[in-house]
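Colleague: Okay, handing you the structure first.
All of the numbers you see were taken from the coordinates with simple rules; none came from a lab. Here the structure is a predicted model, which is why all the values come from computation and not from measurement. Please note: Cβ atoms are built from the backbone with ideal geometry, for glycine as well, and neighbour counts cover all protein chains shown.
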Amino acid sequence: MAKALVSMDWMTPGANLSAYIQGASAVPILSADEERALGESLYYQEDLDAARRLVLSHLRFVVHIARSYSGYGLPLADLIQEGNVGLMKAVRRFNPEKGVRMVSFAVHWIKAEIHEFILRNWRIVKVATTKAQRKLFFNLRGAKKKLQWLNDQEAHAVAEDLGVAVKDVQEMEMRLAVRDPAFDASSDDDDEGTAVAPVYYLEDRAADPARIVENSQFESDNSSRLGVAVASLDDRSRDIIQRRWLDDTKSTLHDLAGHYGVSAERIRQLEKNAMNRVRGLMQA
C-alpha cells in the first residue's frame, strides 16, 4: 500500500506552483466525521481512494507549513513536494482510533521531511548531524533573525531553553555565520574573490596523465643531461661536485681543501667554475 500511496498520480507543485496552490486551496476541508470515516476505511480496509481524499484535503496545510521555511533559500515548490512526502507517510500511519485529527498527526511527518530536505541541500557540507545540532539549526536560526551575535547570557538562555550544551549553541552560531562560496566566481567579482573561487584550486593538475608523462620525460632528460655534463669535467672538478652535491653525506669546503692541499677559497672557486660549466652544458 505504501508504494501505491507514493506513486499516486496527482498534480505536482513543480509544474505550475500558482495553479497547484490554487488547486490545493480549492479542495474542501473534511469535517471530523468525514475524516474519521475515511481514516477507518483506509485503516481497516486499505481503501486507497480514502487515502487519496485524505491527502488531497490536507495539501493546503503542507503549503502553509512549507512557506514558513522560505527563508532558507530553497524553492518553495521543492519544500512543498518534500512536505507532501511527509503527508503521505502520515496518512499511511494514521490510526483513527487514537482520536487525533489528521492535521495534528501529520505536522510532525511534514516538518520532518522538510527538515531533512533543508539539511541535505542548504550547505555543501552538512551543518547539522547530531540531534542537538539539528534542534539548534532550526531554533537558533529563527532567533538570529532578531539577535546579532549572542552574548554569554543569551547563549546560556538558548542552551537552557533547548536542553543543549552552551558550547553547542556557540558552535552552531559560528556554523550559521559561514556561507558556501560560489564554485566559479561571477563576472563582477573582484580579483581577490576570483582567485579564491573553488574552481581555481579544486582541480588536481598533478593527476593529469599528459602532465605526468611530461614531468617524467623532463626529469629523465635532466638526469641524462646532468650525467653527460658531469662526465665532461676534469677528475678534480668532478670529484668536488660529486662530494659536495651528489653524495648522501656531503663534504665541506674544508674537508676538500685538506684532501687536495689547497685553501677552502680555492675549492669554492673550483666548485663555482664546475657548476657554471655543468649549467651551460645542460642548457645547450
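Colleague: Each residue of region 252-259 in turn: what ³J(HN,Hα) in whole Hz from Karplus with 6.51, -1.76, 1.60 and θ = phi - 60°, glycine and Pro shown as x?
Modeller: 8, 4, 5, 4, 6, 4, x, 5
Colleague: Quick one: net charge of residue 280's neighbours, Cβ under 13 Å, K/R +1, D/E -1?
Modeller: Result for the neighbourhood of residue 280: +4.
Colleague: Let me ask something else about it. What ranking of 240, 80 emerges when the number of other C-beta atoms within 10 Å of each C-beta is taken as an exposure proxy, fewest first?
Modeller: 240, 80
Colleague: Mind listing the phi-derived Karplus ³J(HN,Hα) values for region 211-219, rounded to whole Hz, using 6.51, -1.76 and 1.60 with θ = phi - 60°, and x for any glycine or proline?
Modeller: After applying 6.51 cos²θ - 1.76 cosθ + 1.60, I find 5, 4, 5, 4, 5, 5, 5, 5, 5 Hz.
Colleague: Kindly rank 160-172, 47-59, 246-258 from highest to lowest mean number of other beta carbons found within 10 Å of each residue.
Modeller: The densest-packed peptide leads the list: 47-59, 160-172, 246-258.
Colleague: Want the number for residue 242 to residue 161: 0.36 nm per residue separation, take away the alpha-carbon distance, what's left?
Modeller: Extending this stretch completely gives an extra 21.8 nm.
Colleague: Estimate the FRET efficiency between residue 218 and residue 64 by the formula 1/(1 + (r/R0)^6), using the beta-carbon distance for r and 45 Å for R0, to the nearest 0.05.
Modeller: Between residue 218 and residue 64 the formula returns 0.10.
Colleague: Give, as ranges by residue number, the residues of region 48-79 whose backbone N falls under 11 Å from the point 7 Å along Cα→Cβ of residue 16.
Modeller: In region 48-79, the label zone of residue 16 (backbone N under 11 Å from the point 7 Å along Cα→Cβ) covers no residue.
Colleague: Taking 0.36 nm per residue of separation and subtracting the Cα-Cα distance, what length does fully extending residue 33 through residue 107 add?
Modeller: Taking 0.36 nm per residue and subtracting the Cα distance, the gain is 24.6 nm.
Colleague: How long are the three semi-axes of the equivalent ellipsoid for region 2-121, computed from the Cα gyration tensor as the root of 5 times each eigenvalue, in whole Å, largest first?
Modeller: Values: eigenvalues 114, 44, 34 Å².
The three semi-axes for region 2-121 are 24, 15, 13 Å.
Colleague: Sort 40, 35, 46 so that the residue with the fewest other Cβ atoms within 10 Å of its own Cβ comes first and the one with the most comes last.
Modeller: Ascending Cβ contact count within 10 Å gives the list 46, 40, 35.
Colleague: May I ask you to evaluate 6.51 cos²θ - 1.76 cosθ + 1.60, the Karplus curve with θ = phi - 60°, for each residue of region 75-88 and list the ³J(HN,Hα) values in order in whole Hz, giving x for glycine and proline?
Modeller: Values, residue by residue: x, 4, 4, 5, 5, 5, 4, 5, x, 5, 4, x, 4, 5 Hz.
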